[in-house]
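In what follows, a structure is listed as structure tokens, so that the remarks can point back to it.
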Amino acid sequence: YNAEYMGAARFSCLCWVCMEVQEIVLVSPPTDGITAVKFAPDSNLLLASSWDASVRLFDTDANILKAIQPGKAALLDVSFYQDSSHAVSGGLDRSLRLFDFTTSSETVLGTHEAPIKQVVFHKETGLIFSGSWDKTVCAWDPRAANAQIGRLPLPEKVFAMDVSSTKLVVGTNARRVLIYDIRKAVPTEPEQHRESSLKYQTRCIKCNPDNQGYALSSVEGRVAIEYFDLSPEVQKQKYAFKCHRATVNGTDVVYPVNALAYHPGYGTFASGGCDGVVNIWDGSNKKRIVKLKQCNTSISSLAFNASGSKIAIAASYTFEEGEKEHPADQIIVRDILDSDVRPKMKEVV
């Protein structure tokens, strides 16, 4: 696996783990394409959204489906809200819906003018942000009489979005990245406008838990590591690398990188692609730690649990090759070894 550090750095492979680890395939998975999996902030409960229009809540410790909330149209994203008993979702029906699993109740917080692509919860402010193909990001406070408390116009459709403790990062369909400061109030303007350092369409953005930057993946088998600080000393640390590529029958094949997930403790990160592979990377040292998993279809979403001891893998065909026969959708929950995610110590010369 070669990396491009502004054209030339190398990403080396550390190891391949062959030891036995526990993994389970969750019962009663979604029946159509899985769009997102998210672990609860305080337990090993797991949410899943999908094209079958349902929000599913799994107890991954017991491997049971605890609840299913049917919807009206395909769902493109889901997130826990505040705790493990509330969830918020968005999708093709343009509505942002809040679920209470303890009472089996649903509240429509509001709507966009086009499908909702991304939904994130910002625990520091208690706000929900929804990004839509209507070229807006809306801020919502379910505690307010009027839940929608802000609306941010964008130049293009939202394709990817995430939050850190202080930043909202939005990626658009035209490879633009907009960064907002969300510490004090709902912003009206981005503090930074950027163009993705990757040449092709953005698939996923995930903020580093250290709040220093973010990872961005594209359809062309690459991941970029970016930093918020615009000083030249920090910006020279950013880089991009090739991944999720293979030689098939003598032909080089490049796969979209659909999913990214940061480990909450070490800050290493996982990537999942249309090659069915899950890799874990040490971004600071520019090394692959482990090829964690090879599935028989695309990886559509990834999530670590709050302690970093488990990873949820959504193995679900993402139609990158059009309509065709494909394996049934699965959600795999795998135990994480410390060696899977611990950064390699830098050698002292």
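Among the trypsin sites (Lys or Arg not before Pro) found in the stretch 303-349, those both in a DSSP coil and sparsely packed, with 15 or fewer other Cβ atoms within 10 Å of their Cβ, are LYS324, LYS344, LYS346.
Take the chain with all the other protein chains still there, run a 1.4 Å probe, and you get 43 Å² of accessible area per residue.
When the solvent-accessible area of the chain is split by element, carbon and sulfur atoms take up 49 percent of it, the probe being 1.4 Å. Database remark: amide H of CYS295 closer than 5 angstrom to the amide H of VAL277, VAL278 (H placed geometrically; neighbours at sequence offset of 5 or more, or on other chains; Pro and chain starts carry no H). The chymotrypsin sites (Phe, Trp or Tyr not before Pro) of the stretch 119-182 include none that meets both conditions, a loop assignment by DSSP and at most 13 other Cβ atoms within 10 Å of the site Cβ.
Counting only protein heavy atoms and using a 1.4 Å probe, the accessible area of MET161 comes to about 10 Å².
For the stretch 297-328 and the stretch 228-251, what is the separation of their Cα centres, given in Å? First find each Cα centre; the distance between them is then 22 Å.
Could you give the longest part of the chain that holds none of the GluC sites (Glu not before Pro) found in DSSP loops with at most 16 neighbouring Cβ atoms within 10 Å?
192-319
Below 13 angstrom from the Cβ of VAL341, what's the summed charge of the other residues (Lys, Arg +1; Asp, Glu -1)?
Spelling it out: positives minus negatives among the neighbours equals +2.
Taking semi-axes √(5λ) of the Cα gyration tensor in Å as the quantity of interest, determine which of (i) 29, 25, 19; (ii) 39, 24, 22; (iii) 39, 25, 19 was computed from the displayed structure. Here the calculated entry is (i). The trypsin sites (Lys or Arg not before Pro) of the stretch 78-182 that DSSP puts in a loop, and whose beta carbon has at most 15 other beta carbons within 10 Å, are LYS123, ARG143.
The values are calculated or read from the model by the stated rules, or taken from the named source; none is laboratory data. Everything quoted here is computed from the prediction, not taken from an experiment. All Cβ positions, even for glycine, are placed from backbone atoms using ideal geometry, and neighbour counts span all protein chains on display. Only protein heavy atoms, including side chains, enter the accessible area calculation; ligands, DNA and RNA are left aside. Shrake-Rupley method; radii C 1.70, N 1.55, O 1.52, S 1.80 Å.
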